[in-house]
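Enquirer: My questions will all concern the structure given below.
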Amino acid sequence: MTDAVNAAADLSPGLHKVRSRRRILWLVLLIYLPAMIIAFAQDNAKFWMAMTFCVWLVLLIVAVVINCLVRCPRCGQQFHTHGPSFIPLRRCLHCGLHVSADKRPDEKLPPVPEGKC
């Protein structure tokens with residue numbers, strides 16, 4: 001039991017980083033529609049919608065890049081990236097570590113696969 005608690009405590013800062021970057025991505029995705037509705041209500045709607053879309057697109061690119069670069073605290077590989085593909089799942093694509101594994105220390109952490117990391 002204490003080994004599981006210690007393992008979860010060691011992973012906690014890294015998983016916090018993964019979760020915060022995932023929140024940024026979801027925030028950028030969810031802000032699109034309200035921002036476009038506000039831009040559409042302006043006097044010069046075409047201009048403001050184009051500007052809103054360009055700013056949102058830049059924010060989306062930045063959010064995806066920072067999510068691609070975040071590393072798994074257990075295996076050290078990119079958490080959401082396997083090869084050239086970005087797949088924002090809740091588990092590490094290399095070792096299977098769940099994004100909230102440190103919040104559930106009573107569950108047994110899956111072992112790191114041999115030769116995968």
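Enquirer: What number goes with the only condition from (1) part of a helix (DSSP H, G or I); (2) open to solvent by less than 30 Å² (accessible area, probe 1.4 Å) that Lys17 does not pass?
Expert: Only one criterion is unmet by Lys17, namely (2).
Enquirer: Determine the pairs where a residue that is more than 16 Å from Val62 (Cα to Cα), located within region 7-24, has a partner that is small (Gly, Ala, Ser) and modelled with pLDDT under 90 with Cβ atoms under 7 Å apart, the partner being 6 or more residues away or on another chain.
Expert: So the pair list comes out as Ala8/Ala101; Leu11/Ala101; Leu15/Ala101.
Enquirer: Can you name every residue in region 26-39 that is open to solvent by less than 80 Å² (accessible area, probe 1.4 Å) and free of Cβ contacts under 8 Å to residues at least 12 places away in the same chain?
Expert: Pro34, the sole residue that qualifies.
Enquirer: Pick from Leu27, Leu33: which is part of a helix (DSSP H, G or I), within 12 Å of the chain's Cα centre (by Cα) and modelled with pLDDT of 95 or more?
Expert: Leu27
Enquirer: Being at pLDDT below 95, open to solvent by less than 70 Å² (accessible area, probe 1.4 Å) and farther than 27 Å from Ala101 by Cβ is the filter here; which residues of region 40-83 pass it?
Expert: Ala45 - this is the single residue of region 40-83 that is at pLDDT below 95, open to solvent by less than 70 Å² (accessible area, probe 1.4 Å) and farther than 27 Å from Ala101 by Cβ.
Enquirer: So Cys75 ticks every box in (1) within 23 Å of the chain's Cα centre (by Cα); (2) of a type in the set (A, V, I, L, M, F, W, C); (3) in a helix (DSSP H, G or I) but one. Which box is left unticked?
Expert: (3)
Enquirer: Which of (1) assigned to a helix (DSSP H, G or I); (2) within 17 Å of Arg21 (Cβ to Cβ) is the odd one out, the single condition Pro88 does not satisfy?
Expert: (1)
Enquirer: When both residues are 6+ apart or on different chains and their Cβ atoms are under 6 Å apart, which pairs have a first residue that lies in region 81-94 and is within 13 Å of Asn67 (Cα to Cα) and touching a residue at least 24 places away in the same chain (Cβ under 8 Å), and a second that is surrounded by 14 or more Cβ atoms within 10 Å (Cβ to Cβ) and not basic (Lys, Arg)?
Expert: Hits for this filter: Pro88/His80.
The values are calculated or read from the model by the stated rules, or taken from the named source; none is laboratory data. All of these numbers come straight from a predicted model, not from anything done at the bench. In this analysis, Cβ positions are derived from the backbone assuming ideal geometry, glycine residues included, and neighbour counts consider all displayed protein chains. Ligands, DNA and RNA are stripped out before the accessible areas are found, and what is left, the full protein with its side chains, is counted by its heavy atoms. Shrake-Rupley method; radii C 1.70, N 1.55, O 1.52, S 1.80 Å.
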